[in-house]
Amino acid sequence: MSRPSSIETLPPEILEKLQALLRDPRVSQLEVTSKINAILEDTGLEERVSKSSVNRYAVKMDKVGEKLKQSREIAEMWIARLGNQPQGKTGQLINELIRTMTFDVAMQAAEGEFASPDLLKDLALTMQRLEKAASLNEDREKKIREDERKRVTDDAAQFVRDQGLSVGQESELRKFLLQVS
C-alpha cells in the first residue's frame, strides 16, 4: 500500500482550511498551497505541501464531488417521479441510495482511495440513523395498518349490532375480519 500523501497527514483543522480554500473559486491552487504552507509554518509544523499534492487532492475531491452530484441528481429524479407515491416508498428509495453511496465510499477506502476518518465516521452514523429511521417507519406503518384494521372491524361490529345480531355472532365476525385483514 502506498504511503499517505502530505495532504492526508495534515492536522484536521488545517485540512478543513485547505478544503475550504479549494472550494473557493476565487483562490487558485497555487494560492492554496502558499496559504496552507504559511499556516503550517505559523503553527510550528515542519511539514509542507507541494503544488502537485494540492492538485492531486483537488482532482480527487472533484471526482468525489461529481459522484455526489450525480447521486443527488438521480435521487431528485426518482423523488420527483415518486412524488405522488406514499412517503414510505420515497424514504425507502433515499435509504437505499445512501446505503449504496456508503458502500461505494467504504469500497474506495478498502482499495486505498481517499477516505478521511471523519467521512467514514459520518457515514457510519448516517447508516445507523437511517436504519433506526427505517425501523421507526416500519413500526409506524404497522401501527397504522393495525389501527385501520381495528377501525374497520369496529365499524363492521357496529353494523352487525345495528342489524340485530347477537354478541356471539358479533364476536365470530370480529375474529373472522381480523383473520382476513
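Observations, loosely collected:
- Condition met for GLU8 (more than 33 Å from the chain's Cα centre (by Cα) and surrounded by 12 or more Cβ atoms within 10 Å (Cβ to Cβ)): no
- When VAL32, VAL49, VAL54 are checked against the criterion of being crowded, with 16+ Cβ neighbours inside 10 Å, touching a Ser or Thr at 6+ places or on another chain (Cβ under 6 Å), assigned to a helix (DSSP H, G or I) and at pLDDT 85 or above, a single residue qualifies: VAL54.
- Residue check for LEU165: modelled with pLDDT of 70 or more, among the hydrophobic types (A, V, I, L, M, F, W, C), surrounded by 12 or more Cβ atoms within 10 Å (Cβ to Cβ) and not in a helix (DSSP H, G or I): yes
The values are calculated or read from the model by the stated rules, or taken from the named source; none is laboratory data. For clarity, every value in this text was computed on a predicted model and none was experimentally measured. All Cβ positions, even for glycine, are placed from backbone atoms using ideal geometry, and neighbour counts span all protein chains on display.
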